[in-house]
There are 2 protein chains.
Amino acid sequence: MTATPIDLLLTNGLVVTMNTEQTIHHQGAVAIHQDVIIEVGEADTLANKYLATKTIDCRGCVISPGLINTHTHVPMTLLRGLSDDLRLDVWLYGFMMPVEREFVKPEFCYTGTLLACAEMIRSGVTTFCDMYYYEDHVAQAAAKAGMRAICAQTILKFPAPDAISYDESLDYCRTFIKKWKGHPLIEPAVGPHAPYTATPDMLRACVGIATEYDVPLHIHIAETEPEQQNSKDIYGLTVVPWLEQYGLFEAKVIAAHCVCLEETELNTLKQTNAGVAHCPTSNLKLASGVAPVYEMLKLGINVGIGTDGTASNNDLDMVEEVRLAALLQKGTFIDPTLLPARQAWELATIGGARALHLDALIGSLEPGKRADVIVIDMAAIHHTPHFRHSADTIFSQLVYATKSSDVRDAIINGQILMENHQLLTINEVDLTHKATQISQKIDTFLANREGDLMSKLLAVSSGVIPIETYEVQAKVRIDEVGQMEERLNQEGITIDRSSIRNQYDTYLCFDQAELGRIRYREDEILNKDGSPKDVFYQISLIGPTVKRFFDNTILLTRARYSVSANRSCRFYREYFKPDKDIQVEKYRKRYHITYKNTQFAVNLDTLSNGAKGTYLEIKSRTWSARDAEQKAVLIGELLELFGTEKENQVLEEYLHLV
Amino acid sequence: MTATPIDLLLTNGLVVTMNTEQTIHHQGAVAIHQDVIIEVGEADTLANKYLATKTIDCRGCVISPGLINTHTHVPMTLLRGLSDDLRLDVWLYGFMMPVEREFVKPEFCYTGTLLACAEMIRSGVTTFCDMYYYEDHVAQAAAKAGMRAICAQTILKFPAPDAISYDESLDYCRTFIKKWKGHPLIEPAVGPHAPYTATPDMLRACVGIATEYDVPLHIHIAETEPEQQNSKDIYGLTVVPWLEQYGLFEAKVIAAHCVCLEETELNTLKQTNAGVAHCPTSNLKLASGVAPVYEMLKLGINVGIGTDGTASNNDLDMVEEVRLAALLQKGTFIDPTLLPARQAWELATIGGARALHLDALIGSLEPGKRADVIVIDMAAIHHTPHFRHSADTIFSQLVYATKSSDVRDAIINGQILMENHQLLTINEVDLTHKATQISQKIDTFLANREGDLMSKLLAVSSGVIPIETYEVQAKVRIDEVGQMEERLNQEGITIDRSSIRNQYDTYLCFDQAELGRIRYREDEILNKDGSPKDVFYQISLIGPTVKRFFDNTILLTRARYSVSANRSCRFYREYFKPDKDIQVEKYRKRYHITYKNTQFAVNLDTLSNGAKGTYLEIKSRTWSARDAEQKAVLIGELLELFGTEKENQVLEEYLHLV
């Protein structure tokens, strides 16, 4: 009998096939020709049967199907560790979105993808499922690296870095799918981002594309409890039935996260054969919780494991992710037998393939499947010793003791991408150089912004309004408000209008005084009977102040910018990270008066926290320094008309009295 | 000015000092002479000031205090991955304890410790806090490797691998402490294992030793909820106040785990300055839960991080442990700002030092402290890119992106233990060889046991009783029990005694019939009125059966062993891992009768699950084949006396009727 010529033989390794019988060959081999696995079996048998152009000796190694990363955003690898340990809104609206707005371009996506591929190949990943912008460039880079990928073009209901409307994204997506459909490595897909960033129309269009071209539909589902709560509040439905209305599950769905699903929703996933991408690190890091994977598996749902993007991880290490998945189920649902090592490795390989609807092609080492294979070196000290008294021990070793640095060789679609820890399709030196250039630009962008409250404020607001530069003011401690109100009714003073309100101010202050400070104001307008009428939230940047004492009054010169605050005080506090914050609460009777043809605001303030007390304030603002000086004189006159005492004058602002 | 001669200069690295001000030197250096840090500062300054015998260039690296592993059992490294994904009792009583009983000897502890040191040095650990047996050999190996260690000798109320009583352990401990006290690297300590394995006397003696010699006391506290519940049930007190009664917190306590403490207990830890060793991987893997570290830190408790032993981890990778600690608090307590990266790195260094009561000596890079320093290479692709726009980003990188394989150099007490990934004090090749020899012996021990139900049963029982080899029996389906009872009252038959009982049998069956099977029986003896009187649990190994049909009766030949079952059915099921289990429930009226001077058991059984029905069984057992045949004849006669029909005879055992 003559030996059959083949391209590649991996031999003398412990082969973990992950086939249905979970066959293990302790001294095994895998025969590969072109892009396909020809045979898997005992090393001796295959050595006699095949004549390989190239043979890789896998002594002391495990030969496994490549790992499948079922959910990630690869270009974001360029944003690794940009900003961490923040609440989702601060992280997203304060850092990710401003940076993405500025930096995400086709070249960014290409470079970020190559970088991600380098890291993933090193950690044993052979297939990944992506969702990002400019997905055509993601696909180009993945194909260049030689990785297998599902590339889902993100569709959002609001403008994205690569589209000003979702119509544009849908058009892009169609063109993208037509271009890549049928590629040996790349499967294009449609990626409506999430229920809360979608409209019914948009979802229907996405399902249309997915079914017309028979491509997967990748979406985030039920990542957090608030997402479910909002859906119930707005639509009276949890997210899965809400999505189901628009035919979503007619597509080959790949649902990322699924942390907070009800049992009926899980049943829908099962019945519609939707795949779930479980992302344990990301779900912990962003404080979403832990998905009940053991329950999904009990129901027979196809679950895979994903790293999510590096911005919420901060790496693409699938070996780490598999271990964490196995550990978390046990510790969270208090049962050490949940998600045992063997099953965890299954999720990372054939399970992931099922979740991606690719199990006919990849996920196990079986004849006829694509040759996506990794070789893991078990010689390191952290693998010493190991046991073989039961078939489970090899999985214990793979899941609980293996590190990504143990992955020695990686073959995808029959092509060797890494041999003995050397990448063969990616130049890491060039790539590191390019990535560093980008990160330095982002660093500069953020550093400039960080050093400048105005830029930070602009980054999270839709334009701010500058306020008059000069402020003339006088403040006097008074005994009672009523007396002063009487004195307003005298000749020469006209009351134009008045209001009463509670004002809750939070000043965010910085040790570096030259930065200025931020004021968050909750302005509660009251009816005459004291009941609430309306409330306004305002955020202001108040620049460093130059103070001049001018007779009885103070003349302040400073930059002031103000905008309606559309986020909570908590948000701004965590976002601006002040060194100190100060609260001032007051009950204010405000009179707008005219005196000698000049308008002034007269505030009768009762402070209720910190430095309590009752105050008369007379204020005026202007863009002109000369005008300011004239008004200062008039304020001096008003103070006399009101009969205030000079020794009761207060030169400090309220926040300094607290 | 002339340069001062020193032994070692680490230079050009990003120095993370972890001092009180958390000073960072972006282009920094650490000057070391003998075992002490002389100065930490800017690279340029130190280069001019010192003339070093050896200089290590740390370009592109972070220089950090070494990591402190606050809780482990280093010799158990030899049991890595021995058996996983099991419930605690199955794991402990089924695997760990039988193997420890057989294999834990002084040499085992020495080799295991060296192996652990090799792995820990590679993952950046410079100090560990241990608790195991033969701690003198642990200390010897740690000193040989050059690692800093607190070595706590385990004290248990029951026999241990190194002592038959706790008096012996206490004596050993005293001698051990006197031998090592004052060693530059080793701090001996006393280790009462846990509240539930201690007696008040034992605890008092341990505190006595700890205070007399001024050494730490290392103990497991509140690892699981059942531990707390049991303590409340038995003593009416949770574990901390129970321990406090015996003066435990007068010692310098290092408390491992602390997963389930009440607020008052946390306050006690704070007030007594006890350190906590948080072991996130172990607590997840054994399904204990997640310790509320953020709450401990809010109270000002000194918390460090520990890997626990490899048997519940399965590695000693502190870098992984720090990341998991940071992630878990957020995901479990649903707040992404909990345990930010900077604080996590603090727990791994100076925080750990405080928890071990060693912060005057180690934990930060400051002049006068011992030179325990690691150098982490940040060049790998998983560190690309990184950001420097805020002081937090370096901690993000250390905690969320670093892998233990990035640790390049390790210096402990001024001695270089690893340089450029090469260990200098440990021969890994020899060590791997020795460890493999041991693991192979354990594999053989377990494989033999696994293939043999008898060995497995013996491993978790204190001796089993063999039962007569031959069993003669006949079984007949009957219509009603009363009629048969009447027929017992006839001439020639004497009723010696009788009983009524409910029997709940679980048969653990294996596809490999030659293994035999295991029967777990709950035998509930009833009073005449049917109320429960007593209950017995019995576990039996029933060997493969040779069946002979003998006239109307069946003659069974088989090995049978029985022992009182001291664990739950659930335990045995998970431990023996049967391919199938079958339940048989019956209400049994049992008569012990004498017929022709021969004793028989007559059972009138009413089955209540699976194959329901009412049966008459006549049985006898003997050690003799000839005797068995004679009894078979007599049983035939009895069947006729009872007037049973031949066609009602049942040849199968009850479990085959279900």
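What is the Cα centroid distance between segment A:623-658 and segment A:410-436, reported in whole angstrom? Centre-to-centre (Cα) distance: 71 Å. Assuming charge only on the beta carbon of Lys and Arg (+1) and of Asp and Glu (-1), the dipole of chain B about its Cα centre is about 740 debye to the nearest 20. Distance from the Cα centre of segment A:480-558 to that of segment B:104-151, in angstrom? So the separation of the two Cα centres works out to 67 Å. As a size descriptor, the averaged projected area of the C-alpha convex hull of chain A was calculated at 35.2 nm².
If each DSSP helix of 4+ residues adds -39,500 (n - 2.57) and the sum is divided by the residues in chain A, what number results at 222 nm, nearest 500 deg cm²/dmol? Result for chain A, helices only: -9000 deg cm²/dmol. Can you give me the solvent accessible area of residue B:211 with a 1.4 Å probe, rounded to the nearest 10 Å²? Residue B:211 exposes around 70 Å² with every protein chain in place. Largest first, the residues A:357, B:257 sort by 1.4 Å accessible area into A:357, B:257. Per residue, the accessible area of segment A:1-109 comes to 38 Å², computed with a 1.4 Å probe over protein heavy atoms only. Normalised by 2.2 N^0.38 Å, where N is the number of residues, the C-alpha radius of gyration of segment B:578-639 stands at 1.37. In segment A:434-493, inverting the average of 1/r over every pair of distinct C-alpha atoms gives 16.8 Å as the Kirkwood radius.
How much of the accessible area of chain A, probe 1.4 Å, is carbon plus sulfur, in whole percent? The partial results should precede the final answer.
Values: 11910 of 24350 Å².
Answer for chain A: carbon and sulfur cover 49 percent of the accessible area.
What is segment A:1-114's relative contact order, in percent, from Cα pairs under 8 angstrom and six or more apart in sequence?
26
Projected label points at residue A:491 and residue B:527, each 7 Å from Cα along the beta carbon direction, are separated by 10.9 nanometres. The rotation axis that maps chain B onto chain A passes nearest to the beta carbon of this chain B residue, listed with its distance in whole angstrom: B:405, 2. I'd like the orientation of helix A:166-180 relative to chain A: the angle between its Cα long axis and the longest Cα principal axis, in ° from 0 to 90, rounded to 10. Here the helix axis deviates by roughly 20 degrees. For chain A, the relative contact order is 13 percent, taking Cα pairs closer than 8 Å that sit 6 or more residues apart in sequence and dividing their mean separation by the residue count. Using a cut-off of 25 Å between Cα atoms, the listed pairs B:577/B:612; B:157/B:434; B:434/B:577; A:456/A:612; B:577/B:631; A:580/B:298 include B:577/B:612; B:157/B:434; B:434/B:577; A:456/A:612; B:577/B:631 as exceeding that distance. Relative to one another, the C-alpha centroids of segment B:343-364 and segment B:161-188 are positioned 25 Å apart. Cα extents for the protein assembly as shown along the principal axes, largest to smallest and rounded to whole angstrom: 134, 82, 77.
What Kirkwood Rh does segment B:299-458 have if only Cα atoms enter the pairwise 1/r average? Answer in Å.
Numbers: mean 1/r = 0.0533 Å⁻¹.
By the Kirkwood definition, the hydrodynamic radius is 18.8 Å.
Here the contact order of segment B:416-539, divided by its residue count and restricted to Cα pairs under 8 Å and six or more residues apart, works out to 14 percent. Contact-buried residues of segment A:410-459, at a threshold of 30 Å² lost accessible area versus the chain by itself: A:432, A:439, A:443 (1.4 Å probe; DNA, RNA and ligands ignored). Rolling a 1.4 angstrom probe over the protein heavy atoms with all chains in place gives segment B:388-521 an accessible area of 44 Å² per residue. Between this copy and the others, label points of residue A:532 are 5.8 nm apart in ascending order, each placed 7 angstrom from Cα in the Cβ direction.
Which of the lysines could a cross-linker span from residue A:528 if the Cα-Cα distance has to be under 17 Å and same-chain partners fewer than 8 positions apart are dropped? Qualifying lysines at Cα under 17 Å: A:586, A:589.
Within chain A, the longest run free of GluC sites (Glu not before Pro) that sit in a DSSP loop with at most 16 other Cβ atoms within 10 Å is A:22-261. Annotation for segment A:513-575: trypsin sites (Lys or Arg not before Pro) lying in DSSP loop with at most 11 further Cβ atoms inside 10 Å of their Cβ are A:528. FRET efficiency for the residue B:34 to residue A:514 pair, using the beta carbon distance and R₀ = 30 Å, is estimated at 0.05. For residue B:54, a cut-off of 26 angstrom between C-alpha atoms picks up these lysines, skipping any fewer than 8 places away in its own chain: B:144, B:369.
What size of dipole, in debye to the nearest 20, comes out for the protein assembly as shown about its Cα centre when the only charges are +1 on Lys and Arg C-beta atoms and -1 on Asp and Glu C-beta atoms? Mind showing how you got there, number by number?
On the way: 128 positive and 172 negative charges, 21 e Å.
With Lys and Arg at +1 and Asp and Glu at -1, about 100 debye.
Just the accessible area per residue of segment A:211-357, please: how many Å² with a 1.4 Å probe? Mind dumping the intermediate values first?
Details: 4000 Å² over 147 residues.
Averaged over the residues of segment A:211-357, the accessible area is 27 Å².
To the nearest 100 Å², how much accessible surface do chains A and B hide from each other in total, with a 1.4 Å probe? Let's see the in-between values first.
On the way: alone 27010 and 26980 Å², together 48670 Å².
For chain A against chain B, roughly 5300 Å² becomes buried.
The share of Cα pairs per 5 Å bin across segment B:512-582, counted from zero up to the longest distance, runs 4, 13, 18, 18, 15, 14, 11, 6, 1 percent. Compared with the dominant principal axis of the Cα atoms in chain B, helix B:625-641 is inclined by about 60°. Among the residues of segment A:359-396, those with an accessible-area drop of 30 Å² or more from chain alone to full protein complex, heavy atoms and 1.4 Å probe, are A:381, A:382, A:384, A:385, A:387, A:389, A:396.
Ordering A:467, A:328, A:426 by Cα displacement along the dipole of chain A toward the positive end leaves A:467 in first place; charges were set at the Cβ atoms of Lys, Arg (+1) and Asp, Glu (-1). Please report the net charge: other residues with Cβ closer than 9 Å to the Cβ of residue A:221, K and R +1, D and E -1. Local net charge: -3.
To the nearest whole number, what is the average tally of beta carbon atoms from other chains within 10 Å of the beta carbons of peptide A:312-324? Show your work: numbers first, answer last.
On the way: counts 2, 3, 11, 9, 2, 3, 0, 1, 4, 0, 0, 7, 7.
Mean number of neighbouring Cβ atoms from other chains: 4.
A label point on residue A:645, set 7 Å along the Cα-to-Cβ line, lies at 11.9 nm from each of its counterparts in the other copies, closest listed first.
Placing a label point 7 Å from the Cα of residue A:630 along the Cα-to-Cβ direction, the distances to the matching points in the other copies come to 13.7 nm, shortest first.
The values are calculated or read from the model by the stated rules, or taken from the named source; none is laboratory data. Note that this is a predicted model, so its numbers are computed, not measured. Virtual Cβ from ideal backbone geometry, glycine too; neighbours counted across all protein chains shown. SASA here: full protein model, heavy atoms, side chains in, ligands and nucleic acids out. Shrake-Rupley method; radii C 1.70, N 1.55, O 1.52, S 1.80 Å.
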